[in-house]
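Any read-out appearing in this document is the output of simple, stated calculations on the displayed coordinates, not a laboratory observation. In this text the structure is predicted, and so the values were computed from the model without any measurement. Glycine gets a Cβ as well: all are built from the backbone with ideal geometry, and neighbour counts include every protein chain shown.
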Amino acid sequence: MNAEKNVNILETKKESSNILYFGLDLGTFQSALAASSGLRVNVGSVVGWPKDFISYKLLNKQIVFGEECLKNRPSLDIVYPLEKGVVKYRNTDFAEKREEERVTSAAEELIRHLLSLAEAREGQKIYAVVGSPAKASMEDKQAIISASEGLVDSILVVSEPFLVAYGLGIYGFAIIVDIGAGTLDICRMHGTIPDEEDQRTLYTAGNEIDKKLYELMKEKVSGIQLTPSLSRKIKEEYGFVGEGQETVNVDFYVDGRLETIDIANELKEACSIIIPEICDNIRELVVSFDPEYMGELTKNIILAGGCSQIKGLAHEIETNLADLGSVRINVIDDPIFAGAVGGLVLAQEMPLEEWEQV
Ligand SMILES: Nc1ncnc2c1ncn2[C@@H]1O[C@H](COP(=O)(O)OP(=O)(O)OP(=O)(O)O)[C@@H](O)[C@H]1O
Ligand SMILES: [Mg+2]
């Protein structure tokens, strides 16, 4: 019996050395990859092609990604292939087939780019765990698998907040709240693989905060020169909710002249739009659970995703949920790589026979 077991372990190890494992978090705003080779890389989820011959001469590249895309916006045809956490064309009624093809190929190019950075050895197989929104449909998951075809040998598409929990070593009772740009995903963990009713995907997340701040500032100051991208940067630097911050002075151009404006009220109002839905959904996930374990859930609520960095958020949610008893909320340290690292750990620990070949 023991001898048989040993043989199996050796075989698995031998096979594993020919496999490069990946955790891949394809986000609306940014995508992150963690590889078993030790590589960690993140890139903005945006793809650009030079518009013409002159743009090509300037960039000297057929295709560019992430920050480089945004810097060279005027020279590029730009596509954001992921929307609300999934390959975009599934949710969009494009008038032209050509546009659908552009988005699909942008998603493939983004995945190809991330994988190329990991430099798999000749003959090495690639096994990837890819994060998707908690409530992604079968079609959405299939779109991720299709975009990865030919780029990986085996793939598993798994709920993003579950990956965050797995990466943190949380298998027991907890609620993970992953607040991204396009989606806000919530997952109840209770010692087994979470199913449908343990998961929520909401669409009031970072992008909606940016839009709200943009609208509020346009209303407050006529002639203010502001873009949604600038309002995102302001949120990232100063975003807060709750009490304790009276003034937030930021310089803006107003009709071409630089002015310092106090945006504390508008910023707080915009950042607060995510709170009611977060609290309602946590509450529902708690009260619909076995009462014997409710306390275990509320003691272990974890905020992840880029918007978990908004100052005062954990405290505000705790205060709103105080009637549930003792509520403890923690914010993860590394929102950029938490999902990708969770995916990598899962990829490495998953028995080989569980994988789906592509
Ligand atoms: N320090 C910060 N404070 C507040 N918000 C931040 C901060 N850093 C990043 N963000 C916001 O977090 C969001 C991006 O988070 P994340 O990278 O988790 O999203 P994503 O995975 O790309 O999106 P999704 O999961 O919705 O597909 C953006 O709205 C970004 O502006
Ligand atoms: Mg995300």
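Of all the C-alpha pairs in the chain, what % are more than 39 Å from each other?
Percent of Cα pairs beyond 39 Å in the chain: 21.
With unit charges on the beta carbons (Lys and Arg positive, Asp and Glu negative) and the dipole taken about the Cα centre of the chain, which residue among Ser288, Ile302, Gln30 sits farthest to the positive side?
Result: Gln30.
Between segment 264-331 and segment 166-201, what is the C-alpha centre distance in whole Å?
Comparing the Cα centres of segment 264-331 and segment 166-201, I get a distance of 13 Å.
Would you mind calculating the gained length between Lys61 and Glu277 on full extension (0.36 nm times residue separation, minus the Cα-Cα distance), in nm to one decimal?
Taking Lys61 through Glu277 to full extension adds about 73.4 nm, to one decimal.
Could you work out [θ]222 nm for the chain from helices alone, using -39500 (n - 2.57) per DSSP H run of at least four and dividing by all its residues? Round to the nearest 500 deg cm²/dmol.
Here the helix-only value at 222 nm equals -12000 deg cm²/dmol.
Quick check for segment 170-331: number of Lys pairs with alpha-carbon distance under 16 Å, counting only pairs 8 or more apart or on different chains?
16
With unit charges on the beta carbons (Lys and Arg positive, Asp and Glu negative) and the dipole taken about the Cα centre of the chain, which residue among Ile274, Ile317, Ile224 sits farthest to the positive side?
Going by the charge dipole, the pick is Ile224.
For every other residue with a beta carbon closer than 12 angstrom to the beta carbon of Leu344, add +1 if it is Lys or Arg and -1 if Asp or Glu, then tell me the sum.
-1
Determine, for Trp355, Trp49, the number of other Cβ atoms within 10 Å of each Cβ, and report the residues in order from fewest to most.
Trp355, Trp49
Only four residue types carry charge here, +1 at the Cβ of Lys and Arg and -1 at the Cβ of Asp and Glu. Report the dipole size of the chain about the Cα centre in Debye, rounded to the nearest 20.
Here the chain has a charge dipole of around 1040 debye.
Please check: in the Gaussian network model of the chain (C-alpha springs, under 10 Å), which one of Gln245, Gln309, Gln199 has the largest mean-square fluctuation.
Top of the fluctuation ranking is Gln245.
Which longest run of the chain has no exposed loop site in it, a site being GluC sites (Glu not before Pro) in a DSSP loop with at most 16 other beta carbons within 10 Å, and the site itself not part of the run?
123-242
To check you understand DSSP bridge types, tell me what percent of the beta bridges within the chain (both residues inside) are antiparallel, rounded to 5.
Percent antiparallel among DSSP bridges in the chain is about 65.
Applying 1/(1 + (r/R0)^6) with R0 = 25 Å to the Cβ-Cβ distance of Ser137 and His190, what FRET efficiency is obtained, to the nearest 0.05?
About 0.60, to the nearest 0.05.
With a sphere of radius 10 Å drawn around the Cβ of Glu243, what net charge do the other residues whose Cβ falls strictly inside it have (Lys, Arg +1; Asp, Glu -1)?
-1
How much of the DSSP bridge set in segment 191-343 is antiparallel, in percent, rounded to the nearest 5?
For segment 191-343, the DSSP antiparallel bridge percentage is about 65.
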